[in-house]
Amino acid sequence: MSSLPSIISPPLRPPETKLRLRVMAKTNDVDVTELPSVYQSNSAQEEEVLEQADVFRKRYAVMHPERSLLLLAPKNECGVQKFISLFVRPSKLPFKQLYDYDGAARFVADFVTYEPLDEPRRLPESVVSPSTTLRWQAGSSVDMSVLLVSLLLGAGYDAYCVLGAAAVSVASNDLTGYECPYLLDPTDKKDADADAVGAKGSSYSSVSQEKPKLESDLLKKIKRDEEARAAAALASPRPGTPAEIFVEPVKIDLPPPPPMTHCWVLVLPSKRDVDKPFFIGVCRTQLTSWPVCHCAHVFARLQHYAFRPNSFLRVCVPAR
């Protein structure tokens, strides 16, 4: 995969600020002359699709007045409204690592920098094409999901972008509590210990010096202080001195914060020997089975030829 960037054209004048969506929406720092002409205008068929999407939007608002409007026609990197399904472009790249869902998901999570939405509890106003996401190497969960679904569809999977709301820890990509994937694997540690034991019995053990065991003086001092405090707590108070009064802290259960707008990928069975559906988190390459998902609500799922809203939705995201 190291040779993958060689087929990607140079970045489009990298934005001055880190947030790509803010730059795209509020400045004119995108050189549209380097983009294909289909990004800069709509064909007659695309205009008709937009009209049908607008009719569906109005009917949806009448039938479900308690919900916000669906993400049907966001703006692209050129500021042109496009139907959301047209952003998905099934693509098959000449790299075997991207032919399986785990390799493609790992590539998107490692190659593209995840950026939360500027307004995390509202639907995004703009989405970019998969090629632009690769050029910028940054994108929101919607952009990363569109890119991953494009790769999975090109590899023969039945994949969908799922737009909904997730917990704050998921939408903000909070990895607190997760084990670092770059730490030494336990099996590798056992192999390293076995190699060290074997080195002691080798012919070089008589001339080589054993590495000293490194210990922290600070950790030793902390351990001694803890032991001293524990011993003092067990000792009875001296006569004439009042015993310490221990007040147990009051634990207050705060309500969880409201969920944030997020997008992830759904892979359905019937293709590529997939026997059961599962979700893929584009930010952390996390695979979960069908009934288990880190989402709070699902608004709609979409593909390059389909857009299916969730008819069982009970909550909504505030409309702009």
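Farthest toward the positive end of the dipole of the stretch 39-142, out of Ser91, Val80, Val127, is the Cα of Ser91, where the dipole comes from beta carbon charges about the Cα centre. Once both labels are positioned 7 Å from their Cα atoms along Cα-to-Cβ, the gap between Ser169 and Glu226 label points is 2.4 nm. Measuring between their Cα centroids, the stretch 155-174 and the stretch 77-132 lie 11 Å from each other. In angstrom, the C-alpha Rg and Dmax of the stretch 49-181 are 16.1, 48. Its Cα gyration tensor gives the stretch 29-87 an equivalent ellipsoid. The semi-axes, each the square root of 5 times an eigenvalue, are 27, 13, 6 Å from largest down.
At full extension, Lys58 and Glu215 could sit 49.7 nm farther apart than now, given 0.36 nm per residue minus the alpha carbon distance. Taking 0.36 nm per residue of separation and subtracting the Cα-Cα distance, full extension of the segment from Asp100 to Tyr178 would add 25.6 nm.
If a spin label sat at a point 7 angstrom from the Cα of Ser91 along the line to its beta carbon, the backbone N atoms of the stretch 113-138 nearer than 13 Å would be those of 128-138. Considering only the other residues whose Cβ falls under 11 Å of the Cβ of Tyr99, what net charge follows from Lys and Arg at +1 and Asp and Glu at -1? Surrounding charge for Tyr99 is +1.
All of the numbers you see were taken from the coordinates with simple rules; none came from a lab. Quick caveat: nothing in here was measured; it's all calculated off a predicted structure. Cβ: placed from backbone, ideal geometry, glycine included. Neighbour counts: every protein chain shown.
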